[in-house]
Every structure is written in structure tokens, then in C-alpha cells.
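S.K.: Let me begin by handing over the structure; questions about it come next.
The values are calculated or read from the model by the stated rules, or taken from the named source; none is laboratory data. Predicted, not measured: the structure shown is a model, and the values here were computed from it. Note: ideal-geometry Cβ built from the backbone for every residue, glycine included; neighbour counts use all protein chains shown. Note: areas computed on protein heavy atoms with side chains; ligands, DNA, RNA excluded. Shrake-Rupley method; radii C 1.70, N 1.55, O 1.52, S 1.80 Å.
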Amino acid sequence: MQFTLAAAAQPEAAQLFVCTEAGQLNDETAQLLCHSLEEKDSFAETKLPVSGSLKSIAVLRFADLATETLQKAAKEAAAWAQKQAAVAVDLSPFCAENAPRVVAALVAAIGEAVYRFDRFKKEASPAKLAQVQFVHAQHGDEIQAALNRAEALLYGVNLCKDLGNTGSNICTPTYLAETAAREAQALGAEAKILGGDYIRENMPSFWGVAKGSKEEPKLLELRYFGAADKSAEPIVLVGKGLTFDSGGISLKPGEGMDEMKYDMCGAAAMIGTFIAAAKAKLPINLVTVVATCENMPDGGASKPGDVVKAMNGTTIENLNTDAEGRLVLCDALTYVEQNFKPQAVIDAATLTGACIIALGHVASGVMGNDQDLVDALLAAARESNDKAWQLPLFPEYKEQLKSNFADLQNIGGRPAGTITAATFLAHFAENYKWAHLDIAGTAWKSGAQKGATGRPVALLLQYLSNQAK
């Protein structure tokens, strides 16, 4: 799939005219199509005879230029575009401020429409569309910059989807870490992978989850120094990378367990965000840390009631081995404190089914110990239309994590399950600005549209872009 910018459209390409009103269009057919639209409609198409064949022409009218409106209308155009071999998008009605926003919406929508994950199918069915050309005689620098960023975001989203959609027999902790390292190094970023020996000796809570699997756990570290001051404090992204979560001894029900390959989507999102930021050449210093393993019910697996000492010395009573993500993340958060002086730390995890009960599949849950950081993430969520909602972390929730036999227990009962999981993590993030994204309801879809969504890469890249400014 190729996106380009040009001053004039290729004659053989299907044409898409975009506008907010018919009077902005200098093509007679496009004006007639736009006039035919009812106020609530945003898209119309027709075919015209050109050089002995029919050429498709379409109009996309935006009711307004709010991000949500742009994205919704762009999806209609993308459904049409994916059926064409090449499309030329006329951006002439838009100024230097708005043309880049239209480009961003269309690249994301078209990228979503043409995405396929068929690497394991005997007969692949790729989308017909191979080339999209954005046409604008002016504002070339602004539009090209927006196109570069939109392509970087699309690449990161697709990488996140590909990792999530790959079966856990292939996407093992080793595969996840090595794939991410290879992608990062190809962009000139640094990568380091620590294996089972390091984790067993230094990260006992993490090891307690990993030790029931024959697959070696990995701790992945990616570093990108794009700021003018390479020594400036980095933003650190932390991802939960359970490439398969059976629940361990607290075994999950069999129905739908195949979807537990998606329990590494927090890691996939942080990897995708890191790669997108590096491809976009954002002027920031960025680190991503991924803790990845399997949670399996082997004879050596942790048992309910076991007590383990975390990397920072906190003892934890493991009451439910299916609440394993927080046991992995707590050591990753300590690792960040010991190895970096972070400007801010953000973790993402498919952490709790309770988040789906609270927010459904619409919004990711956001919690944190620094309101300015949480507000910045919520602002990025609004700007990108990658929805998120804040939940509280009141001190009273700590009461649910008190244990008779250890400093903490890893579950707090059914009430406020998403919040008590974040409260557990907050204990390990007390010495820096930290926010937690629970993406259990937004990282993948079930049913006929089953597949990873690539969220919240758009939210996080918007946040990083805002910080870069």
C-alpha cells in the first residue's frame, strides 16, 4: 500500500473529491454528486466513461471538521476506495491547517479497510487498492509532514495488530521480543533482551508467573533518543506481554480461551507506539519496557496461596494465579525505577475483565498518581478519538489489598476490580509520575470481526506528539 502527494492526479486513478460544501469543488460531476447528498449523508459515487472504460468518481462531504466526524466519514470513503486499484484524493478545498487533518483521517480509515491478516491462509485475499495519491497544488510541506506521521501511525497500528493476531504457538515471548527488537534496530533505535536467568534471579514476581511454562520469559527494552538533549529524562512505556494466559492453576473456562493470545496486546501497543514514534522521528526521548511470558498450569506453576517477594522487596500473596498481569507488571515498573529517571511512565495492559463491565468495548480505562499526566492522556484521547475514561484511585481501595500473610494480596475481590488492580500497580510506581491504561475491552474484537484493534496506539502517539511540541 503506497501513499503519495502530488500536484495533479494520475489520469487512470479513481477520483475522490473531498469538501465541506459543493461550491468548493471545481469539477462539474463532483459538484452534481455533492448536491445530490442529503444533509445527513457524506458520501456519493458514480462511474463515468473515460477512454473506452468506466472511471469511478466519488465525493466525500464533511459536515464539520471535528475529529470524530472526519473519521466516521473517512470510513465510508475507505469502503469505496478499497475496491479501486488506485485513488487520487483532491484536497484543493482545504487550507494548510485542515488538509493535514483530512489526510490523517483518510490514511487511518483506508489503512484499516485494506488491512488483512492472512499469512496463515492457503489462499490470501489482499485488498485491490495499491496506491492512494493526495492531490494539492499548495501547502505541500504541511501535507507531506501530516502524511509521514499518518503513515508512521498506520505502521505502528498494523504492527500491533499483526503481533496480536498471531497465534501463541508462533508469537511466543521470544518471537515478540525479537520481532520488536528487529523493528526498532531497523530504525536506528537501541534494543536489549534479557532472558529467563535474569528474570529468575532479579524479578521474582515476574518469574512466579513465567515458571509454569516451557517458553522462556523475556524482558525487552527499546530506547529511542530523538530529543535535542539526548540526556533528557525519557518517557517510558511499559507493556504487559502475556503471549498466552490460561489462568495458570486458577484455570480459565475453556470457552473463548483462544482469545487469550491477545493478553499481550498491551505489549503490542507499546511496541507499535514506539516504532511509530521512531518512524515519525518525534523529537523526544522514549523507552519501552515489555515483560513477556506465558501463564500456564504446569507442575512447577505458582499456586493460590503462594507468597512471593517482588523486585522491590514487597511480599505478595498470590490468591488467584489468573490475576497474573499485575504480578508481571509490578517488577517491570520497579525495573524502570532502578534503570531510568523517567519523565513519566505509562503502562498498558489487558488487565481486568472488570474494565469491560465498567466501560464496555468503547473506552479504555485510565488511572494514575499524577493528574496532569492523566489529563494529558485524556486530551490525547479526545484529539485522536481513541476514547478513554478516568477511574479513581482513592486511598480507601488499598484496604481491599490487605493480606494476613504478606504486604499485599494480588486481588481485592469483585468490587472495583479494575481500580484495585491499578491500586496494586500504584504501590510499585510511587516514586515517579505514572498512569495506567486498562485496555481489556478495547484491544481486540470478538465474533465475526475477531481481531486486534491496534488501540491505544493512536492515543499514545498523539500524547507523545503533544509532549514533543
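Residues are listed down the side, and each one gets a yes or a no for (1) touching a His at 6+ places or on another chain (Cβ under 9 Å); (2) assigned to a helix (DSSP H, G or I); (3) surrounded by 14 or more Cβ atoms within 10 Å (Cβ to Cβ):
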| position | (1), (2), (3) |
| --- | --- |
| 110 | no, yes, yes |
| 118 | no, no, no |
| 123 | no, no, no |
| 127 | no, no, yes |
| 143 | yes, yes, yes |
| 150 | no, yes, yes |
| 155 | no, yes, yes |
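S.K.: Another one. Here are 209, 135: which of them is surrounded by 15 or more Cβ atoms within 10 Å (Cβ to Cβ), over 30 Å from residue 93 (Cα atoms) and of a type in the set (Val, Ile, Thr)?
M.R.: On the way: 135 fails: over 30 Å from residue 93 (Cα atoms).
The conditions single out 209.
S.K.: Here's another thing I want to ask about it. So, in segment 276-321, of the ones that are in contact with a strand residue (DSSP E or B) (Cβ under 9 Å, 6 or more places away or on another chain) and of a type in the set (Asp, Glu), which residue ends up farthest from residue 465 (Cα to Cα)?
M.R.: Among residues in segment 276-321 that are in contact with a strand residue (DSSP E or B) (Cβ under 9 Å, 6 or more places away or on another chain) and of a type in the set (Asp, Glu), the one farthest from residue 465 (Cα to Cα) is 306.
S.K.: Being basic (Lys, Arg), more than 23 Å from residue 442 (Cα to Cα) and open to solvent by 30 Å² or more (accessible area, probe 1.4 Å): is that true of residue 261 here?
M.R.: Details: basic (Lys, Arg): yes; more than 23 Å from residue 442 (Cα to Cα): no; open to solvent by 30 Å² or more (accessible area, probe 1.4 Å): yes.
Judged against the criteria, residue 261 is not a match.
S.K.: On to the next question. Name the residues in segment 411-462 that are farther than 30 Å from residue 118 by Cβ, open to solvent by less than 10 Å² (accessible area, probe 1.4 Å) and touching a residue at least 40 places away in the same chain (Cβ under 8 Å), would you?
M.R.: If the condition is that a residue be farther than 30 Å from residue 118 by Cβ, open to solvent by less than 10 Å² (accessible area, probe 1.4 Å) and touching a residue at least 40 places away in the same chain (Cβ under 8 Å), then 418, 421, 422, 424, 425, 428, 429, 434, 435, 436, 438 are the ones that fit.
S.K.: Residues to consider are 48, 16, 32, 60; find the one that is hydrophobic (A, V, I, L, M, F, W, C), part of a strand (DSSP E or B) and farther than 21 Å from residue 111 by Cα. If you could, list the steps in order and put the result at the bottom.
M.R.: Working: 16 fails: farther than 21 Å from residue 111 by Cα; 32 fails: part of a strand (DSSP E or B); 60 fails: farther than 21 Å from residue 111 by Cα.
Selected residue: 48, the only one of 48, 16, 32, 60 that is hydrophobic (A, V, I, L, M, F, W, C), part of a strand (DSSP E or B) and farther than 21 Å from residue 111 by Cα.
S.K.: Then there is this: Test residue 231 against the stated conditions and say whether it is without any contact (Cβ under 8 Å) to a residue 24 or more places away in the chain and either more than 30 Å from residue 88 (Cβ to Cβ) or open to solvent by 20 Å² or more (accessible area, probe 1.4 Å) (or both).
M.R.: Spelling it out, residue 231 is indeed without any contact (Cβ under 8 Å) to a residue 24 or more places away in the chain and either more than 30 Å from residue 88 (Cβ to Cβ) or open to solvent by 20 Å² or more (accessible area, probe 1.4 Å) (or both).
S.K.: I need the full set of residues from segment 314-347 which are surrounded by fewer than 22 Cβ atoms within 10 Å (Cβ to Cβ) and touching a Ser or Thr at 6+ places or on another chain (Cβ under 6 Å), in order please.
M.R.: Residues satisfying the conditions are 317, 320, 322.
S.K.: Would it be correct to say that residue 197 is among the acidic types (Asp, Glu) and either within 20 Å of the chain's Cα centre (by Cα) or open to solvent by less than 20 Å² (accessible area, probe 1.4 Å) (or both)?
M.R.: On the way: among the acidic types (Asp, Glu): yes; either within 20 Å of the chain's Cα centre (by Cα) or open to solvent by less than 20 Å² (accessible area, probe 1.4 Å) (or both): no.
The answer is no for residue 197.
S.K.: Condition first: without any contact (Cβ under 8 Å) to a residue 40 or more places away in the chain and surrounded by 15 or more Cβ atoms within 10 Å (Cβ to Cβ). Now tell me which residues in segment 46-73 satisfy that. Quick ask: steps written out before the conclusion?
M.R.: Kept after step one, since they are without any contact (Cβ under 8 Å) to a residue 40 or more places away in the chain, are these residues of segment 46-73: 46-54, 66, 69-70, 72-73.
The answer is 46, 69, 70, 72, 73.
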